[in-house]
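Just so it is clear, none of the values below were taken in a lab; they were calculated from the coordinates. Just so it is clear, the structure is predicted and the values come from calculations on it, not from any experiment. A quick note on method: Cβ atoms are made from the backbone with ideal geometry, for glycine too, and the neighbour counts reach across all protein chains shown.
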Amino acid sequence: MSDVLPRAFFARPVLDVARDLLGCSFTFGGVGGRLVEVEAYRADDPASHSFRGRTARNAVMFGPPGQLYVYFTMGLHFCVNVVCEGEGQAAAVLLRALEPTVGLGAMRRRRGFDDPRRLCSGPAKLTQALAITRDANGLSACGADGPPAGHEGSSRDGDERGPCDDDDPRACFAAREGGVARDPAAWARGAPRIVATPRVGVTAGAATPWRFVDADSVFLSRPLPRAARP
DNA sequence: GACTTGATCCCG
DNA sequence: GGGATCAAGTCC
């Protein structure tokens, strides 16, 4: 089984979570890949859906960390975030692009073409390729916090069993290759070269550089400025 | 630049 | 309550 990131990973400042997610894997229904582009949104940030307080649409953002916040936009697209920080903080990381590694066949069928570079190179492309829609809103995507690895098999406390710690995960984040999901000291280890840029498509807070990308990836939603390229 | 739907806003 | 507004996007 993969090295599933626990809730504690997401219960941190959203800017830290965003950076530490790059290079980690995200799968939904067994389809997904390596995260290469994300954006951070915070409640004190005019670009965030949570900026003006809780509404029916953004309620999940105010819930516990580690859940998916899915919203519908532009009349036809879904975008997916993972909720961060503490319950009530209403911060989240938008998943903007990933490098497809598992379920390429399903992604190609859903997107209607083959080129892996374009399958998940944008937030709404990614949800289409992974078949994420409004029913995934509020879904838990983290493993249970608990004793360190090696102490598995002990009793679960009944209710809150995450979708990732059983054998039929729907949504799941896993640590980087060689990472140790339950060791906070390892969360930043092995990160790719990261470049921060302004977020895409936002009007308020347009200059805030809270978009983080794997600078060496060819799977981004848009190329980096020449100066930032390898 | 068009497309397309619904949550939110603002007025009444 | 109801109409106007505009959106964390994608494709050509």
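Going residue by residue through the stretch A:106-120, is there one that turns out to be farther than 23 Å from A:ARG222 by Cβ, out of contact with any helix residue (DSSP H, G or I) (no Cβ under 6 Å at 6 or more places or on another chain) and away from DNA strand B (no atom under 14 Å from the Cβ)?
If we filter the stretch A:106-120 for residues that are farther than 23 Å from A:ARG222 by Cβ, which is where we start, we get A:106, A:109.
Within this subset, residues satisfying the condition of being out of contact with any helix residue (DSSP H, G or I) (no Cβ under 6 Å at 6 or more places or on another chain) are A:106, A:109.
Still in the list and also away from DNA strand B (no atom under 14 Å from the Cβ): A:106, A:109.
Yes, the stretch A:106-120 contains a residue that is farther than 23 Å from A:ARG222 by Cβ, out of contact with any helix residue (DSSP H, G or I) (no Cβ under 6 Å at 6 or more places or on another chain) and away from DNA strand B (no atom under 14 Å from the Cβ).
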Enumeration of residues in the stretch A:4-20 that are surrounded by fewer than 23 Cβ atoms within 10 Å (Cβ to Cβ), among the aliphatic types (A, V, I, L, M) and in a helix (DSSP H, G or I): A:ALA8, A:LEU15
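Test A:ALA40 against the stated conditions and say whether it is outside any strand (DSSP E or B), buried (at least 18 other Cβ atoms within 10 Å of the Cβ) and either of a type in the set (A, V, I, L, M, F, W, C) or away from DNA strand B (no atom under 16 Å from the Cβ) (or both). Explain how you work it out, then say what you get.
Details: outside any strand (DSSP E or B): no; buried (at least 18 other Cβ atoms within 10 Å of the Cβ): yes; either of a type in the set (A, V, I, L, M, F, W, C) or away from DNA strand B (no atom under 16 Å from the Cβ) (or both): yes.
No: the conditions fail for A:ALA40.
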Hey, A:ALA8 within 27 Å of A:ALA206 (Cβ to Cβ) and touching a residue at least 12 places away in the same chain (Cβ under 8 Å) or not: no
A:MET61, sole failed condition from (1) closer than 24 Å to A:ALA196 by Cβ; (2) touching a Cys at 6+ places or on another chain (Cβ under 8 Å); (3) not charged (D, E, K, R): (2)
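Which of the following residues is within 17 Å of A:CYS84 (Cβ to Cβ) and in contact with a strand residue (DSSP E or B) (Cβ under 7 Å, 6 or more places away or on another chain): A:VAL38, A:VAL31? Explain how you work it out, then say what you get.
Values: A:VAL31 fails: within 17 Å of A:CYS84 (Cβ to Cβ).
The match here is A:VAL38.
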Per-region count, the stretch A:45-76, residues at negative phi and within 9 Å of DNA strand C (Cβ to nearest atom): 13
Count of the stretch A:43-61 residues which are within 12 Å of DNA strand B (Cβ to nearest atom) and in contact with a Gly (Cβ under 6 Å, 6 or more places away or on another chain): 2
Among the residues listed as A:VAL83, A:VAL60, the single one being buried (at least 24 other Cβ atoms within 10 Å of the Cβ) and under 26 Å from A:ALA8 (Cα atoms): A:VAL83
Residue count for the stretch A:21-37, restricted to those that are surrounded by 24 or more Cβ atoms within 10 Å (Cβ to Cβ) and either out of contact with any Leu (no Cβ under 9 Å at 6 or more places or on another chain) or farther than 29 Å from A:GLY105 by Cα (or both): 0
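Do the conditions hold for A:VAL70, that is, is it assigned to a strand (DSSP E or B), β-branched (Val, Ile, Thr) and within 14 Å of DNA strand B (Cβ to nearest atom)? If you could, list the steps in order and put the result at the bottom.
On the way: assigned to a strand (DSSP E or B): yes; β-branched (Val, Ile, Thr): yes; within 14 Å of DNA strand B (Cβ to nearest atom): yes.
So A:VAL70 fits the description; yes.
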Breaking point among (1) within 16 Å of DNA strand B (Cβ to nearest atom); (2) under 18 Å from A:PHE173 (Cα atoms); (3) assigned to a helix (DSSP H, G or I), for A:LYS125: (2)
